[in-house]
Every structure is written in structure tokens, then in C-alpha cells.
1. Could you please give the count of residues in region 66-118 that are in a loop (DSSP other than H, G, I, E, B) and either surrounded by fewer than 19 Cβ atoms within 10 Å (Cβ to Cβ) or touching a residue at least 60 places away in the same chain (Cβ under 8 Å) (or both)?
2. Please verify whether region 56-65 includes one or more residues that are aliphatic (A, V, I, L, M), more than 19 Å from Arg112 (Cβ to Cβ) and open to solvent by 30 Å² or more (accessible area, probe 1.4 Å).
3. Anything in region 28-46 that is surrounded by fewer than 15 Cβ atoms within 10 Å (Cβ to Cβ), closer than 21 Å to Val110 by Cβ and of a type in the set (Gly, Ala, Ser)? List them, or say none.
4. Just checking, does region 47-54 include any residue being at pLDDT 85 or above and open to solvent by 30 Å² or more (accessible area, probe 1.4 Å)?
5. Can you name every residue in region 22-70 that is within 10 Å of the chain's Cα centre (by Cα) and of a type in the set (Val, Ile, Thr)?
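The values are calculated or read from the model by the stated rules, or taken from the named source; none is laboratory data. These numbers come from a predicted model, not from an experiment. No Cβ is skipped: glycine too gets one built from the backbone with ideal geometry, and neighbour counts run over all protein chains shown. For accessibility, only protein heavy atoms count, side chains too; no ligands or nucleic acids. Shrake-Rupley method; radii C 1.70, N 1.55, O 1.52, S 1.80 Å.
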Amino acid sequence: MDPARSVRALRAPYEARPGRRAVVVLDLGELRGPVSGVVELPHRLFWQPERRVDLDSPGLLPWMYETVLTEAVDPDELRDWLHGPTLTALWPDLYLPRGVRRAWEEHHAVLRARNIAA
């Protein structure tokens, strides 16, 4: 990992899925990923042959966020694919494993508050 690109993050004690801990950035401002247009997810995050995602199509932006939050193992993956304000706006409606939701809400009061308000 390039130190100039390092993101303050931690591996939460909660699992994103069996055997994989959730990764959480400590500063949502570090998340500067795309919010529109067509992107191509890396094979490591999405294993299908067709990995292009049109973020302007209904439902695909939240789906990409769910995928990245569940599959990320490196904080750079979070920073490259998620956008802090968009994550906050989408948070209450994202379908996430319990461990991912718990890990992020434990470290980000704004997400916890959005979930309670929903």
C-alpha cells in the first residue's frame, strides 16, 4: 500500500462474512469514490466477468456500496469506491451483514444516528 494513499482504518472485531473482519475507515472524509457514471469494479470485489456498473441506473449505486462494504479487505478499496456524504445518505437503506453495520456505526455516530432516524 502506498503510504501517501494510506487511510486511517481498522479491522473491526465484527465479521463482514464468516472468516473476514469488516474494515472501517475512521474518517468518512477520506472516502472520495465515484457517485455517478460507469465504473468497473476490480475482480477482487466482484467476481463476475462483467464488472461494469452504471451508477446512474436505479439501485446500482446502493448495490455497489453494499458490495464494497462487505467485500473490502483493504482501506484503499473503501476510499477508492465509496464517497463519504453518499454513504451517509444511503446508510439507512443499505442491506448489509450485521457485523458490517455494527462496525461502521460503532465508529461513526452520524451513521448510527441515520439508522435510528430511518
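1. 8
2. The answer is yes, given that some residue of region 56-65 is aliphatic (A, V, I, L, M), more than 19 Å from Arg112 (Cβ to Cβ) and open to solvent by 30 Å² or more (accessible area, probe 1.4 Å).
3. Of everything in region 28-46, just one residue is surrounded by fewer than 15 Cβ atoms within 10 Å (Cβ to Cβ), closer than 21 Å to Val110 by Cβ and of a type in the set (Gly, Ala, Ser), namely Gly29.
4. yes
5. Correct list: Val23, Val24, Val25, Thr67, Val68, Thr70.
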